Amino acid sequence: MRPWYSCSAFLAVISTFLELPTPVGAYHCGTGAISTTLSWITTAGCDGEKLSNECCFPHDRCIDVADEVYNSTFYGQHNRVVHRSMLMKCDTEFRQCIRSNYSDRDICRTWLEVTHATVVTLYTKFKNLFE
């Protein structure tokens, strides 16, 4: 088992059994309780509030718009090509947001690109396989 798999599994188990003080209403990174908690933990020392408000919240809104386009059908057909293109644009803007907001903090920028932007991009690519 790779070390980061072990670490992720460990954090998931810990976050399930411990009540971590996550700012549920104010923190916009993550899609559920576990991913939000993991995101909040991994942003420690890198100003997670900045990431949440400046990057995650706009990314969520961008995804919502893309999903609205997908759900508006034309003669019963979903517009998959436009939807995928919009999702990729959202993810690219998210990565750029991290780069620009953490341009003066190399370690945080690199860490957040790996733990957030890359994970989001991989999730989108995986999701598109089954759309």
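General observations
- The criterion of at least 1 residues that are more than 19 Å from ALA44 (Cβ to Cβ) is met, among helices (runs of 4 or more DSSP H) falling completely within the range 58-131, by 80-101, 119-129.
- Beta carbons closer than 9 Å, at least 6 apart along the sequence or on distinct chains, pair a first residue in the range 34-57 that is on the phi > 0 side of the Ramachandran plot with a second that is buried (at least 21 other Cβ atoms within 10 Å of the Cβ) for ASP47/TYR102.
Okay, residues lined up against (1) at pLDDT 85 or above; (2) under 13 Å from the mean Cα position of the chain (by Cα); (3) surrounded by 16 or more Cβ atoms within 10 Å (Cβ to Cβ); (4) more than 22 Å from CYS108 (Cα to Cα):
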residue: PRO3; (1), (2), (3), (4): no, no, no, no
residue: VAL24; (1), (2), (3), (4): no, no, no, yes
residue: GLY30; (1), (2), (3), (4): yes, yes, yes, no
residue: LEU38; (1), (2), (3), (4): yes, yes, yes, no
residue: GLY45; (1), (2), (3), (4): yes, no, no, no
residue: HIS59; (1), (2), (3), (4): yes, yes, yes, no
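- Options PHE74, PHE94: the member that is closer than 25 Å to ALA26 by Cα and among the aromatic types (Phe, Trp, Tyr): PHE94
The values are calculated or read from the model by the stated rules, or taken from the named source; none is laboratory data. Keep in mind the model is a prediction, meaning the values are calculated, not measured. Because the Cβ atoms are built from the backbone with ideal geometry, glycine has one as well, and the counts that use them run over all protein chains shown.
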